[in-house]
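The values are calculated or read from the model by the stated rules, or taken from the named source; none is laboratory data. What you see is a predicted model, and the numbers here were worked out from it, not measured in a lab. As a convention, Cβ positions derive from the backbone with ideal geometry for all residues, glycine included, and neighbour counts pool all protein chains shown. Surface areas here come from the heavy atoms of the whole protein model, side chains and all, with no ligands, DNA or RNA. Shrake-Rupley method; radii C 1.70, N 1.55, O 1.52, S 1.80 Å.
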Amino acid sequence: MIAVVVLVFWVVRSADAQKFEGLALTPPMGWNSWNHFGCHVDEALIRETAQAMVLSGLRDAGYRYVVIDDCWQVARDTVGEIVPDPDRFPSGMKALADYVHSLGLKFGLYSDAGRLTCQKRPGSRGYEFQDARTYARWGVDYLKYDWCNHGDQNVVASYRTMRDALYQAKRPVVFSICEWGENKPWEWAAEVGHLWRISGDIRPAFVDRPKWGETVAGIVEIARKIRKYAGPDHWNDLDMLQVGNAGLTLSESRTHFSMWAMLASPLMAGNDVRNMPPEIAEILMNREVIAVDQDSLGVPALRWISRGNLDVWLRPLAHDEYALCVVNWGKKAERITLKLAGSEIEDEDFGVTYKIGRGLAVRDLWKHRVIGLTDEEIAVAVIGHDVAMFRLGREK
Ligand code: GAL
């Protein structure tokens with residue numbers, strides 16, 4: 001009798017719709033075509049990018065998902081199947097996914113909850129279950145799902161429908177929600193997807209707002225206010241990286257990358273990784289900064305001190321360690337002296353107080369060396385638009 005009840009419960013539960021749990025216990029990392037290539041995507045680019053991710057070391061630094069954004073799709077066939085652009089993807093998506101997988105990487109695609117994508121390609125509205133089955137057949141591991149041309153659709157229901165469709169197609173897929181933070185996804189999306197965008201599209205700009213889109217500083221400010229909603233398997237997505245794209249200086253790129261890591265954002269490279277100058281590779285593959293992003297505790301940083309153009313951010317890490325980032329949003333050099341051991345920092349969002357311990361090594365994560373102990377006063381100087389980032393930890 002008990003066995004029958006358990007069996008019935010199990011059958012009912014497994015038929016239940018839910019997201020695939022545990023696919024993003026740390027923020028997803030990978031590459032996405034949009035920021036650099038826009039609509040100019042084809043299979044040669046994706047193959048070359050996947051190869052470059054292996055050869056450059058990006059894959060081994062943790063960047064795993066290769067995601068084709070908008071414009072890979074052109075039509076639906078007579079039975080409603082989504083059709084990849086035959087000129088740009090002549091070998092088809094299954095062959096491309098197989099190739100990406102053969103390099104030890106994972107494969108991702110983009111679609112839209114409305115009838116058309118943002119670039120007016122066919123969206124998934126009305127075809128969610130069919131598309132999810134197609135993606136499973138092709139070997140898709142990651143779906144970015146946009147919100148253009150949704151008419152009067154209900155946002156939560158629309159994203160839940162695709163979640164359910166993916167789940168029923170049985171291939172585990174990281175589900176990336178992209179409705180630009182318009183409907184406060186942090187309040188409802190944790191049970192729907194693994195990450196959600198919190199802003200409009202990131203531009204390669206630091207503080208001054210360009211005509212449209214968000215800046216690095218603008219997105220950090222949005223993320224600061226909603227940090228309590230993020231955690232393992234459900235992340236605030238600060239948007240794809242602009243590191244390596246024209247518009248940001250090296251200092252600004254370092255700040256962009258450091259703050260995405262401090263705030264536990266997914267790290268999706270958005271540059272041309274086939275032609276990556278060494279100084280850009282050094283930023284994207286700073287393993288000590290990546291380790292902060294990927295910390296298993298999954299708590300985003302809080303702003304501890306804000307003094308004019310200077311911010312000091314603190315991120316609690318597993319095993320009572322901390323990451324610290326001093327950001328200079330201004331153009332002129334700034335300095336600050338910090339006494340770390342004994343400092344007590346209230347985290348109102350998470351309802352805890354952090355007490356920084358004595359005897360922790362203060363390790364500079366951009367200079368890759370220990371500069372002192374938490375017991376000592378630490379003098380930090382930061383040039384304009386740059387950061388100094390540290391780990392307060394036990395040296396191994
Ligand atoms: C936007 C989205 C971008 C990109 C673009 C493609 O809505 O925020 O990241 O995917 O659509 O058309």
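Residues of the range 212-240 that are within 16 Å of the ligand (Cβ to nearest atom), part of a loop (DSSP other than H, G, I, E, B) and not hydroxyl-bearing (Ser, Thr, Tyr): Trp212, Gly213, Leu238, Asp239, Met240.
Residue-by-condition table, conditions (1) of a type in the set (Phe, Trp, Tyr); (2) within 16 Å of the ligand (Cβ to nearest atom); (3) assigned by TED's automatic domain parsing to the domain that holds Trp34; (4) open to solvent by less than 10 Å² (accessible area, probe 1.4 Å):
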position: Leu96; (1), (2), (3), (4): no, no, yes, yes
position: Tyr127; (1), (2), (3), (4): yes, no, yes, no
position: Thr134; (1), (2), (3), (4): no, no, yes, yes
position: Thr161; (1), (2), (3), (4): no, no, yes, no
position: Pro185; (1), (2), (3), (4): no, yes, yes, yes
position: Ala189; (1), (2), (3), (4): no, yes, yes, yes
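Among the residues of the range 109-123, which ones are over 24 Å from Arg64 (Cβ atoms) and more than 8 Å from the ligand (Cβ to nearest atom)? The answer is Ala113, Gly114, Arg115, Leu116, Lys120, Arg121, Pro122, Gly123. Take the residues in the range 282-311 that are of a type outside the set (Gly, Ala, Ser) and over 22 Å from the mean Cα position of the chain (by Cα); name whichever of them is surrounded by the most Cβ atoms within 10 Å (Cβ to Cβ). If we take residues in the range 282-311 being of a type outside the set (Gly, Ala, Ser) and over 22 Å from the mean Cα position of the chain (by Cα), then Asp311 is surrounded by the most Cβ atoms within 10 Å (Cβ to Cβ). Yes or no: Pro266 open to solvent by 10 Å² or more (accessible area, probe 1.4 Å) and assigned by TED's automatic domain parsing to the domain that holds Asp60? Taking the combined requirement at face value, the residue does not satisfy it. If you go through the range 176-202 and pick out every residue that is assigned to a helix (DSSP H, G or I) and aromatic (Phe, Trp, Tyr), you end up with 1. Among the residues of the range 5-26, are any within 16 Å of the ligand (Cβ to nearest atom), of a type outside the set (Val, Ile, Thr), more than 21 Å from Gln168 (Cβ to Cβ) and modelled with pLDDT of 95 or more? The answer is no; no qualifying residue exists.
Looking only at residues that are open to solvent by 20 Å² or more (accessible area, probe 1.4 Å) and not in a helix (DSSP H, G or I) in the range 36-56, which one is farthest from the ligand (Cβ to nearest atom)?
Filtering the range 36-56 for residues open to solvent by 20 Å² or more (accessible area, probe 1.4 Å) gives 36-37, 39-40, 42-44, 47-48, 51, 54-56.
Still in the running and not in a helix (DSSP H, G or I): 39-40, 42.
Numbers: Cys39: 8, His40: 12, Asp42: 16 Å.
Going through the qualifying residues, I end up with Asp42.
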